[in-house]
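Below is one structure, written out as structure tokens; comments come after it.
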Amino acid sequence: MEKHYSGFATILGRPNVGKSTLLNALLGRKISVVTPTAQTTRNRILGIYDDESCQIVFQDTPGFLVPRDAMHEFMVDEVRRALEGTDVVLFMVDAAQGIGKREQELCAFVNVACGPQTENAGIPIFLIANKMDLVHPSEVQTCLEEIRSLPFERSVELITLSALHQTGVSDVLQAVKSALPEGPKYYDPDVLTDRTERFLVEELIREQAFLRVKEEIPHAIAVHVEEMLDAPDRKKVSISANLIVERESQRGILIGKGGSMVKAIGQDARKQIEELLGRPVFLELRVKVVEKWRKEQRALKELGYHRR
Ligand SMILES: Nc1nc2c(ncn2[C@@H]2O[C@H](COP(=O)(O)OP(=O)(O)OP(=O)(O)O)[C@@H](O)[C@H]2O)c(=O)[nH]1
Ligand SMILES: [Mg+2]
């Protein structure tokens, strides 16, 4: 029988470098939400690639940051746990932005997490230079030299990519495939993610809200699906969800003039959800205030930001 390879490949990087865009491009399906706002992803999300000879469990992670509240601490914890038992690390940087303090910190973090005394000792690390489409051809060499200068404590292979334009995605796939250990399928070949439909629905609603508000407001938004009911003939799904913010003023913004904002969010989220579920959706959205939910463990837990 032919050999089968499998394992976990963890995508890491500071916020906004394009991790979730890469996950979706690798799978050819939208699993993880993407917005121009940094700190869009808050949970570790698995996306499972499967073919005859291998199964790769890609992990999208929240952008690496210095925590300022309990929400951030959860996010960094998700990154830490994603590294536990991973087989490959995909360290992503935004080539157009170059190397900053955050990359240096993340590099140090990876050096420790994959150090010689750890269970990750010796696992392959790929350095992924994303957003190459934004780098002027005359700058490419200098840009890649800077990225290569990151002080990893082992040799790393550099791969250039534009996740948005899907160039270089197959190189990432090939590199991971060739780095995987022999092993069985961990998931049924039909399974695409470890996440429930309910979670994906909440994310799609949050994505639409993020796309419409600016500055600090996106970070104060969470989404909670209260009810998701299939019609008896399974032809339609009724979803009732809350958009949660921290303050009355934010609630006003999300509701918008005469309810126009929440209506627009609902309309676009509904289209996305229908695509996900493959059937018509009735979506009822309300905007609720939960003061300081980002700082309180109980609220975080209720909103799904806790260890699973
Ligand atoms: N020009 C360009 N933009 C990209 C590329 N990849 C991603 N983007 C854009 O960069 C922004 C952030 O992308 P995400 O995939 O959400 O980034 P992320 O690393 O998952 O961000 P967080 O979840 O916040 O950590 C979005 O507006 C993407 O469309 C790329 O290759 N080129
Ligand atoms: Mg993301």
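Within the range 176-219, the set of residues being closer than 26 Å to ARG247 by Cβ, modelled with pLDDT of 95 or more and more than 18 Å from the chain's Cα centre (by Cα) comprises ARG212, VAL213, ILE217. On the stretch given as the range 26-43, residues that are within 15 Å of ALA209 (Cα to Cα) and outside any loop (DSSP other than H, G, I, E, B) total 0.
The lone criterion from (1) within 19 Å of PRO189 (Cα to Cα); (2) within 10 Å of ligand 1 (Cβ to nearest atom) left unmet by VAL34 is number (1). Being in the same structural domain as LYS131 (by TED's automatic domain parsing), in contact with a Pro (Cβ under 9 Å, 6 or more places away or on another chain) and surrounded by fewer than 17 Cβ atoms within 10 Å (Cβ to Cβ) is a description that does not apply to GLU78.
A single entry from LEU90, LEU23, LEU46 fulfils the requirement of being assigned to a strand (DSSP E or B) and within 23 Å of ILE205 (Cβ to Cβ): LEU46. In the range 259-272, the residues that are closer than 16 Å to THR35 by Cα and in contact (Cβ under 8 Å) with a residue 24 or more places away in the chain form Cβ pairs under 8 Å with partners that are open to solvent by less than 30 Å² (accessible area, probe 1.4 Å) and of a type in the set (Val, Ile, Thr), at six or more places apart or across chains, as follows: ILE265/ILE205; ALA269/ILE205. Confirm whether ALA95 is within 30 Å of ALA209 (Cα to Cα), within 13 Å of ligand 1 (Cβ to nearest atom) and surrounded by fewer than 23 Cβ atoms within 10 Å (Cβ to Cβ). Spelling it out, it is not the case that ALA95 is within 30 Å of ALA209 (Cα to Cα), within 13 Å of ligand 1 (Cβ to nearest atom) and surrounded by fewer than 23 Cβ atoms within 10 Å (Cβ to Cβ).
Of all residues in the range 199-218, none are touching a strand residue (DSSP E or B) at 6+ places or on another chain (Cβ under 7 Å), within 19 Å of ILE45 (Cα to Cα) and of a type in the set (Gly, Ala, Ser).
So which of GLU157, GLU145 is more than 25 Å from PRO36 (Cα to Cα), touching a strand residue (DSSP E or B) at 6+ places or on another chain (Cβ under 6 Å) and without any contact (Cβ under 8 Å) to a residue 60 or more places away in the chain?
It is GLU157.
Taking PHE74, is it under 25 Å from VAL201 (Cβ atoms) and in a strand (DSSP E or B)?
no
For the range 190-218, the tally of residues that are open to solvent by less than 70 Å² (accessible area, probe 1.4 Å), part of a loop (DSSP other than H, G, I, E, B) and in contact (Cβ under 8 Å) with a residue 60 or more places away in the chain stands at 4.
Suppose we keep only residues that are within 17 Å of THR196 (Cβ to Cβ) and in contact with a helix residue (DSSP H, G or I) (Cβ under 7 Å, 6 or more places away or on another chain) within the range 23-44. Which one would you say is most open to solvent (accessible area, probe 1.4 Å)? Within the range 23-44, the match that is most open to solvent (accessible area, probe 1.4 Å) is LYS30. For the range 290-305, the count of residues that are crowded, with 17+ Cβ neighbours inside 10 Å, closer than 19 Å to LEU211 by Cβ and over 24 Å from the mean Cα position of the chain (by Cα) is zero.
Note on the range 24-51: among residues that are free of Cβ contacts under 8 Å to residues at least 60 places away in the same chain and small (Gly, Ala, Ser), the one that is nearest to ligand 2 (Cβ to nearest atom) is ALA38. When residues in the range 219-273 are screened for being over 20 Å from PHE199 (Cα atoms), open to solvent by less than 30 Å² (accessible area, probe 1.4 Å) and in contact with a strand residue (DSSP E or B) (Cβ under 6 Å, 6 or more places away or on another chain), 1 of them pass.
Scanning the range 1-17 for residues that are surrounded by fewer than 23 Cβ atoms within 10 Å (Cβ to Cβ) and near ligand 2 (Cβ under 9 Å from one of its atoms) yields PRO15, ASN16.
The values are calculated or read from the model by the stated rules, or taken from the named source; none is laboratory data. Keep in mind that what you see is a predicted model, and the values were worked out from it rather than measured. For neighbour counting, all protein chains shown are included, and Cβ atoms are generated from backbone atoms with ideal geometry for every residue, glycine included. The accessibility values were calculated without ligands, DNA or RNA, using every heavy atom of the protein model including side chains. Shrake-Rupley method; radii C 1.70, N 1.55, O 1.52, S 1.80 Å.
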